[in-house]
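Beneath this line is the structure, given in structure tokens, with notes to follow.
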Amino acid sequence: KESKINHDEFTLSTSINIKEPRWDQGTFIGRAKHFFTVTDPRNILLSNEQLEKAHRIIQDYRQGVVTPGLTEDELWRAKYIFDSAFHPDTGEKMLVIGRMSAQVPMNMTITGCMMTFYRTTPAVLFWQWINQSFNAIVNYTNRSGDAPITVNQLCTAYVSATTGAVATALGLNALAKHISPLVGRFVPFAAVAAANCINIPLMRQRELKHGIPVTDENDNRLGESTNAAQQAISQVVISRILMASPGMAIPPFLMNTLEKKAFLKRFPWMSAPIQVGLVGFCLVFATPLCCALFPQKSSMALSRLEPELQEKIRASHPGVERVYFNKGL
């Protein structure tokens with residue numbers, strides 16, 4: 001992916017492949033570097049003007065037009081700004097709180113509060129509802145494919161996912177009253193894990209019914225596959241649960257110890273800020289590292305697709321043995 005500089009004109013080569021991330025996505029390290037850039041919380045502070053400038057640089061570059069004086073580092077910076085704000089399949093600008101760069105600040109606040117105010121039913125209801133509303137926005141924003149989802153489908157999925165998650169949290173909370181306080185602190189994590197298994201498939205149910213676009217290695221669209229959608233959504237559920245794990249598993253032990261100390265007994269109001277800070281520290285690393293578990297441009301063998309789609313692809317593209325798709329985040 002190294003660029004060549006034309007020393008006569010000092011312009012950047014147009015042969016850099018910006019369809020792919022800067023780092024090798026075949027390795028975990030390469031994917032981690034990519035997602036540390038994608039999930040950088042500073043990206044949500046970018047102005048519309050900066051986003052549109054990046055959009056213009058990338059669109060021009062794809063047409064073979066290089067912005068005068070543009071360096072390779074500036075091109076990659078523009079690409080990551082572009083990727084942080086625009087959907088890879090539809091090209092539309094994503095809702096700010098649905099972007100991956102908003103994951104750390106939003107999740108640290110919501111998770112920290114869920115884990116601080118977990119003892120009363122109204123608090124559990126409120127924070128689980130807030131969390132599932134946020135998750136619904138993230139799951140919709142980072143869906144795979146370019147097919148529209150109707151308002152009716154969206155509302156049904158949101159209500160089902162939120163109801164399921166809140167019911168899970170309340171049920172676990174009722175059980176937790178009969179066990180140790182430390183175990184009770186893990187109820188929010190169990191509820192979040194269960195809710196991810198409900199929320200993500202429901203918010204992306206259209207993909208499970210109608211499939212997601214699959215392509216060959218050169219991005220030529222071959223059709224839509226529900227088998228690919230199942231693999232994509234399963235991978236997202238696993239990475240989201242693991243993403244929440246450090247922030248929801250480590251702070252309870254630390255908070256259990258800290259709340260016995262004189263400082264928090266004297267300043268109990270500090271409990272929530274400390275919890276939010278601990279969760280945030282964990283999420284800064286867990287978010288990109290868990291996104292990196294699976295390549296975003298996922299793939300599967302042709303033989304694992306639906307039989308009718310296999311036949312169609314073998315007839316129109318005889319040499320294809322593997323298909324590729326955007327799994328979503």
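The values are calculated or read from the model by the stated rules, or taken from the named source; none is laboratory data. All of these numbers come straight from a predicted model, not from anything done at the bench. Here Cβ is always computed from backbone atoms with ideal geometry, including for glycine, and neighbour counts include all displayed protein chains. Side chains included, ligands, DNA and RNA excluded: accessible areas come from the protein's heavy atoms. Shrake-Rupley method; radii C 1.70, N 1.55, O 1.52, S 1.80 Å.
So how far apart, in nm, are the two label points at Ala167 and Arg42 if each is 7 Å from Cα heading toward Cβ?
4.5 nm
By its C-alpha gyration tensor, with a ≥ b ≥ c as the square roots of the eigenvalues, how is the stretch 50-156 shaped: rounded for a/c under 1.5, else prolate for a/b larger than b/c, else oblate?
oblate
In the chain, once you exclude exposed trypsin sites (Lys or Arg not before Pro) (DSSP loop, at most 16 other Cβ within 10 angstrom), what's the longest stretch remaining?
20-118
Quick one: dipole size for the stretch 185-310, taken about the Cα centre, charges +1 on Lys/Arg Cβ and -1 on Asp/Glu Cβ, in debye to the nearest 20.
The calculation lands at about 920 debye.
Subtracting the Cα-Cα distance from 0.36 nm times the residue separation, let me have the gained length for Leu208 to Glu72 in nm, one decimal.
So the extension gain works out to 45.0 nm.
Between Glu308 and Trp129, what length in nm is gained on full extension when 0.36 nm per residue of separation is reduced by their alpha carbon distance?
Once the chain is fully extended between Glu308 and Trp129, it gains 60.3 nm.
Heavy atoms only, probe 1.4 Å: what % of the accessible area of the chain goes to carbon and sulfur, would you let me know?
62 percent
Using R₀ = 22 Å, calculate the FRET efficiency as 1/(1 + (r/R₀)^6) where r is the Cβ-Cβ separation of Thr14 and Glu52; round to 0.05.
For R0 = 22 Å, the calculated efficiency reads 0.55.
At 222 nm, what helix-only mean residue ellipticity would the chain give, in deg cm²/dmol to the nearest 500, using -39500 (n - 2.57) for each DSSP H run of four or more?
Theoretical 222 nm ellipticity from helices: -19500 deg cm²/dmol.
How would His178, His55, His87 rank on accessible area, largest to smallest, probe 1.4 Å?
His178, His55, His87
Along the charge dipole of the chain, which of Pro122, Ser303, Ala232 sits closest to the positive end, that is, farthest toward it, with unit charges on the beta carbon of Lys, Arg, Asp and Glu (+1, +1, -1, -1)?
Pro122
For the stretch 66-81, what does the Karplus curve 6.51 cos²θ - 1.76 cosθ + 1.60, with θ = phi - 60°, yield as ³J(HN,Hα) per residue in whole Hz, taken in order and with x for Gly and Pro?
9, 4, x, x, 6, 9, 5, 4, 5, 5, 5, 4, 4, 4, 6, 5
Just need the relative contact order of the stretch 203-329 here, percent rounded to a whole number, with Cα pairs under 8 Å and 6+ apart.
34 percent
Taking amide H positions as placed in the peptide plane 1.01 Å from N, state which residues far from Leu222 in sequence (5 or more) or on other chains have amide H under 5 Å from it.
Here the answer is Val214, Thr215, Asp216, since their amide H atoms fall under 5 Å of that of Leu222.
Which entries of Lys53/Lys312; Lys33/Lys53; Lys93/Lys297; Lys33/Lys260; Lys177/Lys209 show an alpha-carbon separation above 30 angstrom in the structure shown?
Lys53/Lys312; Lys33/Lys260; Lys177/Lys209
Residue by residue through the stretch 94-106, what is 3J(HN,Hα) from phi via Karplus (6.51 cos²θ - 1.76 cosθ + 1.60, θ = phi - 60°)? Round to whole Hz and write x for glycine and proline.
7, 4, 4, 6, x, 6, 5, 6, 8, 4, 5, x, 5
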